[in-house]
Amino acid sequence: MERSDAAVFTFHGEPTPGLVPFAEGLKEVFIKHGYAYEENPEAPRLVLNFITKERAKPYRRRAKATFVVSLMELPEVPAEPIKELYPYLVRALSNMLVAYVPGKGAHFLTLELGHYTEPEGEDFFERVFARINPIACSVLVIDNIFEPTLEPELWQGDELTAALARAGKKLAEWDLLPAPFPIETILPPEDLRHVKRLYGIGGLSYGNLSARKDERRFWMSASGVDKANLKEIGRDILMVKDYDPEKNAMILQVPPNVTPKRVSVDAIEHWMIYREHPEVGAIIHVHAWMEGVPETQFNYPCGTYQLAEAVAEKVREAPDPARAIVGLKNHGLTITGRSVDDILERIEGKLIPQVPMS
Ligand SMILES: [Zn+2]
């Protein structure tokens, strides 16, 4: 990597005493892998943000392409890490939280509810680097361009949006839609706006559904909405027209006079799959698992081009790409089908609500 092209990383905040050697080890391993350390850089790729339970202060991103990993020292990993640590991840506006227990190891928690541990020992910092790097080197595709050009006959939806609404209800009945994380209750309005702008999310809910409309377009659930209650076109379900590579944005068609909601951050992934496989008619993503599925190698964040590519590659390798079930490591499943009902029939009774973590 040329020095001038090197991805820049920095520290923010003050480490507690136990975090000092951990931070030094991280700094060394990131530099070894071609990252450049700077103090107060304008647009860093990665910010390692020191927090404590009392002071979970966010780093205020100026650039969208900045990923924040918050580091916290703990005497031990709590018995229920998601329940106890997730609020700090959100409060510090981070993409990932690393709870470091001196002498024992690091526990990782991602925005997508992934959590896993690297014990201290041989190659510890290399292993920690390998966990953080997929986040630091990925590109978010979360901008939305809304065009009020949806055909009038689709303003109330069609048989495809009705099928998506039915499928959302089914997933809720099967208990596959974890309750949206109540970010609005722990973030002040200013931080909430910041999170929505930077991550392109309308709230933290998990899972999404889509159905192909024609050669290029597909319907998809909006970000942060209740998937068990998909109703309004432009607000619960959106028409994805295309991806604009120059603006790095998804193009949505909406009815006029609707204040649209953002499409799910995984729209780029669905777009890639529909484009490559004309026989795919629907895609469902849930945070659940199935025995024996092939899985992606790295834990890229939702809404990134890299996650989309990793999933698209697994779909391509499937015996029948139009009926593929792909595991997203430490995250969930993306399932393709000829139709929404085709997917539901194939997965009914086979899903494990708990995603295995490794
Ligand atoms: Zn997900």
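The values are calculated or read from the model by the stated rules, or taken from the named source; none is laboratory data. This one's a predicted model, so the numbers in the text were calculated from it and none came from an experiment. Glycine also receives a Cβ, built like all others from the backbone with ideal geometry; neighbour counts cover every protein chain displayed.
Assorted remarks:
Yes/no per residue for (1) within 16 Å of the ligand (Cβ to nearest atom); (2) over 24 Å from the mean Cα position of the chain (by Cα); (3) within 22 Å of residue 139 (Cα to Cα):
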| residue | (1), (2), (3) |
| --- | --- |
| 6 | no, yes, yes |
| 18 | no, yes, no |
| 34 | no, yes, yes |
| 56 | no, no, no |
| 61 | no, no, yes |
| 67 | no, no, yes |
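- In summary, residue 285 fulfils each of the numbered conditions (1) more than 16 Å from the ligand (Cβ to nearest atom); (2) under 16 Å from the mean Cα position of the chain (by Cα); (3) surrounded by 15 or more Cβ atoms within 10 Å (Cβ to Cβ) with the single exception of condition (1).
Here is a yes/no grid of residues against (1) more than 16 Å from the ligand (Cβ to nearest atom); (2) farther than 23 Å from residue 183 by Cβ; (3) touching a helix residue (DSSP H, G or I) at 6+ places or on another chain (Cβ under 6 Å):
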| position | (1), (2), (3) |
| --- | --- |
| 209 | no, no, yes |
| 214 | yes, yes, no |
| 219 | yes, yes, yes |
| 225 | no, no, no |
| 240 | yes, yes, yes |
| 243 | yes, yes, yes |
| 247 | yes, yes, no |
| 256 | yes, yes, no |
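- Filter pass, residue 334 being within 12 Å of the ligand (Cβ to nearest atom), under 21 Å from residue 243 (Cβ atoms), of a type in the set (S, T, N, Q) and touching a His at 6+ places or on another chain (Cβ under 9 Å): yes
- Residue check, residue 139 out of contact with any helix residue (DSSP H, G or I) (no Cβ under 6 Å at 6 or more places or on another chain), of a type outside the set (D, E, K, R) and in contact (Cβ under 8 Å) with a residue 24 or more places away in the chain: no
- Evaluating residue 304 against the criteria (1) surrounded by fewer than 18 Cβ atoms within 10 Å (Cβ to Cβ); (2) closer than 19 Å to residue 250 by Cα; (3) polar (S, T, N, Q) leaves one unmet condition, (1).
- Taking residues in the stretch 220-237 that are under 12 Å from residue 171 (Cα atoms), and partners anywhere that are of a type in the set (Lys, Arg), the pairs with Cβ atoms closer than 6 Å and at least 6 places apart or on different chains are 228/169.
- Within the option set 116, 100, being at pLDDT 90 or above, crowded, with 22+ Cβ neighbours inside 10 Å and under 22 Å from residue 30 (Cα atoms) holds for one residue only, 100.
- Flag if residue 229 is within 16 Å of the ligand (Cβ to nearest atom), among the polar types (S, T, N, Q) and under 23 Å from residue 349 (Cα atoms): no
- Among the residues of the stretch 62-89, those that are under 15 Å from residue 187 (Cβ atoms) and surrounded by fewer than 23 Cβ atoms within 10 Å (Cβ to Cβ) comprise 86, 87, 88.
- Here residue 275 does not fit the description of being more than 15 Å from residue 335 (Cα to Cα) and within 16 Å of the ligand (Cβ to nearest atom).
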